1. Taking the options A:8, A:45, name whichever one is more than 25 Å from the chain's Cα centre (by Cα), hydrophobic (A, V, I, L, M, F, W, C) and more than 15 Å from residue A:113 (Cβ to Cβ).
2. So the check is Cβ under 9 Å with 6+ separation or different chains; which pairs have a first residue in the range A:240-255 that's farther than 13 Å from residue B:106 by Cβ and buried (at least 16 other Cβ atoms within 10 Å of the Cβ) and a second one that's modelled with pLDDT of 95 or more and β-branched (Val, Ile, Thr)?
3. Can you work out which of the residues in the range A:208-251 that are within 14 Å of chain B (Cβ to nearest Cβ) and β-branched (Val, Ile, Thr) is farthest from the chain's Cα centre (by Cα)?
4. Could you say which residue among B:61, B:21 is surrounded by 21 or more Cβ atoms within 10 Å (Cβ to Cβ), among the aliphatic types (A, V, I, L, M) and within 12 Å of chain A (Cβ to nearest Cβ)?
5. Determine, yes or no, whether residue A:43 is modelled with pLDDT under 95, out of contact with any Asp or Glu (no Cβ under 7 Å at 6 or more places or on another chain), crowded, with 18+ Cβ neighbours inside 10 Å and assigned by TED's automatic domain parsing to the domain that holds residue A:120.
6. Sort out which residues of the range A:11-42 are in a helix (DSSP H, G or I), under 17 Å from residue A:116 (Cα atoms) and free of Cβ contacts under 8 Å to residues at least 24 places away in the same chain, and write them in order of number.
7. Step by step: first the residues of the range B:72-109, then only those that are crowded, with 22+ Cβ neighbours inside 10 Å and more than 21 Å from residue A:312 (Cβ to Cβ), then the one that is farthest from the chain's Cα centre (by Cα). Which residue is that?
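The values are calculated or read from the model by the stated rules, or taken from the named source; none is laboratory data. Values in this document were obtained by computation on a predicted structure and should not be read as measured data. Here the Cβ positions follow ideal geometry from the backbone for every residue, glycine too, while neighbour counts run over all protein chains shown.
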Amino acid sequence: MTNKTIKVKDNDIAGSVNDFLKHLLSSGKVQALLVPQNMPSKKVVFPVFISDPKKLHADVLAPILPASMASLISKMTKVQSPSKPIGVVMRSCQIRALIELVKLNQARLDNIIIIGVDCPGTFPINTYTSFPEKKTPTHFLVEAFVKKSDEAEKYLRTACRICKDPIPTNADIILGFYGSDIEKEILVEAFTEAGKNLLKDIALEDEKEGKGREKAVKDIREEKNKKRADFLKEKEGMKGIEKIAEFFENCVNCHNCRHACPICYCKECLFDSSVFDAEAYKFLRKAEIKGLFKMPNDALLFQLGRMNHMILSCVECGLCEQACPNNILLMDVFIPAAENAQKKFDYHPGKDKNDKIPMIVYREDEFLEVGEK
Amino acid sequence: MSEEKKEQKKEDFEPKIVGFLCNWCSYAGADLAGTSRIQYPPNVRIIRVMCSGSVDSMYILRALLEGADGVFVGGCHPGDCHYIDGNYKARRRMVLLENILGTLGLEKERVWLRWISASEGQKFADTMKEMTESIRKLGPNPIAKHWDL
C-alpha cells in the first residue's frame, strides 16, 4: 500500500504534526489525546491529556521521556476502558511496556488508539532542561537527524543509544521520520482497521517513493542492534558479588527506580511492608555473627528482587536509570540480565499481546534438567 | 563467632541449608524420614510452605544474601501437585533465578529443586546427605562474609 505523508510547512515539523493531531481532535475521531507537550516555561515537555484542539502545542519529537506513558494509560484504563476513542502518542519502548501491562491485566486497549512515533532517542531530563548547546534540544536533535550525524549521540540516555527497536510495533498508525526528508514531509502509515479509519477523510498526500522507508528502518534497526550487541559484550563481566556489591553501593533504597518502571505495578510492594522490620535482638545477632553490616540492609535484596520480578517483561526503556538520584547505571546490569532471561524463555516483551507471560504458563516436558537430575 | 571456628578447614565446614518443603509431599516425606528414624545430616533448616510454587525467588535470594550456603526447595512430583501445577511453575521460577545467581556470581548448584513425595522418607534423607556433601565441596557461601550489601 502507498504510505501517506504529512506535508511540513515552513520547516515547522512540530506545527505540521500538530495540525494533523488537531484535526483528529476536532473531527471527533479521538475524544482526547495523550501527547507530550511543552510546559508554559518551554523548558520541559511533559505528557498532557488534552481534549481541546485549540490548546494543543504538542512536541512529539522532543527528546525527553519524563514519565512512563504506559503507566499513565494503565492509570486511566485499568478500572474501565474509555467509552470513546482516545489517541495516545507513544514511542516504541512505551508501546512495548503498554503491551506488557495489558498482559499483566493492568491496562486495556479497547478504544485506545496507539499513534506510534519513530524515536530518534531521548536525553536525560537534566540534560534536556539545562541543554548545553545553543539550540533547543528538539532543534539540535532534528538537525543531527537531518544531517545523519551522530552529534546527538553523546547526550542520549544509554537505553536510547542501544535501543532494541526505535520503530514502533503494535501501533495503529505510525508517524515515521526514518526514511523521509522530515523537513519536507512526515510519513503516516496505518496498520489496523482503527488506524485506517483514523486516516480516512484526512487530506494527506501519497508518498512519492515507497522504498526509502523500508531501507531506512532496516538500517536503523541494524545500527541499533549492533550498538546493543557491543554494549552487551562490554558489560559481560558485570557479575560476581564483589562487582555487584560495589555497583549498588550508592543505592539509598529510595525505590525511585521502581516508581519509574512501567512494569513494576504491584499495589503493595514487599519492600514497602514491614517484613524487614524486626526485634532489635535479631539485628544484634546478625551484627554479632558478621561483626558489622551496612544499613539500610536490604538495598541489594531490593535490587535483585525487583530484577527477578520484572526482568522478563523489561522493555529496556531505561526510566529506572533516569530516576536514580545517585546515577547508578542500572542499564549495565539490567539489560544483560534481561537479555539472558528473555532468551532462556524465548520471550519477547511487547511483541504480541497474545503471548503469555512465561511465569504463568508451563509445559510438562520442559527444563527437565532443573529439578530431578 | 570465635576466630578458631572461622578458620576451620573446608572438610570440617558444616553447610547451612535452608529447606522450603511443600506441605503436601516433601514436608510429609521429611516427616516420614523422621518417624522412620532414618538418619540424615542436621544441616538443613526446614521451613514448611504450602506449595513449592509459593516459594518466591525473593525468599531464596534473601536466604543466600543472609549467608545460607545452600537453599533446598522440595515439591511434589510433576503431575502430583496438590494445586495441579504449582511445581511446574516452581521449575520455571528456578530457571529464572539461575540467571540472577549468575549475576551474583553464585554457583547455581547452591539452589536445589527436587521432587519428593510423602512416601519417600528414604529419598528425602538421601537427598539431604547428597546436598550437604555437595555444598561442603563447594565451600562456604562467598556472600556470607560481605557486610557491604
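1. The unique qualifying residue is A:8.
2. Hits for this filter: A:247/A:328; A:247/A:333; A:248/A:328; A:248/A:333; A:251/A:328.
3. Selected residue: A:241.
4. After applying the criteria, what remains is B:61.
5. Answer is no for this residue.
6. A:19
7. In this case the residue turns out to be B:81.
Quick grid of which residues meet (1) more than 20 Å from residue B:93 (Cα to Cα); (2) modelled with pLDDT under 95:
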| position | (1), (2) |
| --- | --- |
| A:274 | yes, yes |
| A:277 | yes, yes |
| A:283 | yes, yes |
| A:291 | yes, yes |
| A:320 | yes, no |
| A:329 | yes, no |
| A:343 | no, no |
| A:347 | no, no |
